[in-house]
1. Over region 17-123, what is the mean sequence separation of C-alpha contacts under 8 Å (at least six apart), divided by residue count, expressed as relative contact order in percent?
2. Relative to the first principal axis of the alpha-carbon coordinates of the chain, what is the inclination of helix 190-204, with its axis defined by its Cα atoms, in degrees from 0 to 90 and to the nearest 10?
3. Just to be sure I understand the curve: with the Debye formula and one point per C-alpha of region 82-127, what is log10 I(q)/I(0) at q = 0.23, 0.24, 0.31 Å⁻¹?
4. Label-point separation (nm) for residue 3 and residue 317, each offset 7 Å from Cα along Cα-to-Cβ?
5. Roughly what would the spin-label model give for residue 54 and residue 118, points 7 Å off Cα along C-beta, in nm?
6. Helix 138-148 versus the longest principal axis of the chain: what is the Cα-based angle in degrees, 0 to 90, to the nearest 10?
7. Mind pulling the per residue volume of the convex hull built on the Cα atoms of region 2-129? Å³ is fine.
8. Can you compute the radius of gyration and Dmax for the chain, using only the Cα atoms, both in Å?
């Protein structure tokens, strides 16, 4: 008899928005999973945007709500899209780990020490009782192996995919601004770009905009950037709809990601799918994910960042080259591939 597979989607926002980061990836993966296998059972907070009949709606996002639901909707295995397995789940669990930043850089997380200890211990406890672990990058897998001693055979890299819309407008290279996309928080290192921008404008020969799109996160970075955005050439967009995001990708000259750490680097892959040249740091999973599809630069080489950004603004042949590289690299990423990796592994369990 075929096993019944549940998917924990409590990471989705309950206000009907698609969400960002982990939530956005989880929603797109769910759609891919049900295309492969329609009998999956999703567990999501009421109000989440899914549009699928095979969902058990939870009153909230707590582990207690999920445990109660599992008593009435039994499954043989539970895939946890956020990677955070709640305690007390009495079926085999399969977390999807996106990063281990909270262990490697606890200073980036605005939690009291005691709460952080509880959060990390519960997260690690969930991983240790997992029957198998999925993760989004080789970088994250190696962190799990070397930091926590997991058997390499117990961890499978899935990568992430990209939803390719029919008739989507590809980047044309006519844009006059550079884009940074994502929640503004310390690890995004956006202040690094702001410090370079006067030199970029000088070298280009006129003012060009740096558009910072994404919600405010924690820490002083968000406040400082909002202040600097009132000045010349720094544009802040805090609330960006799906439609506005697509418009930004279709008209930007490039995407810049100077992050200090990324477990995957989703905005870079989405941009490359549109043919947008990307410039990223050599930190975390970014070199692995972007590969030869974009410019991967050391954060210690400020001059190289300025040079690369200026060339993408001023040299059309150079832009065309990285446009082609981005499109070719993006073909590696497919939600269909990700869903099949997960379902095939679960079938072997």
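1. 17 percent
2. Helix 190-204 sits roughly 30 degrees off the main axis of the chain.
3. At q = 0.23, 0.24, 0.31 Å⁻¹ the computed log10 ratios are -0.85, -0.90, -1.23.
4. So the label points at residue 3 and residue 317 sit 5.6 nm apart.
5. Distance between label points: 3.6 nm.
6. Helix 138-148 sits at roughly 60 degrees to that axis.
7. In region 2-129, the Cα convex hull volume per residue is 114 Å³.
8. Answer for the chain, Rg first and Dmax second: 20.6, 68 Å.
Readers should treat all values here as calculations from the given coordinates under stated rules, not as data from a laboratory. As the structure is a prediction and not an experimental result, all values here were calculated from the model. Heads up, the Cβs are rebuilt from the backbone with ideal geometry, glycines too, and the neighbour counts pull from every protein chain shown.
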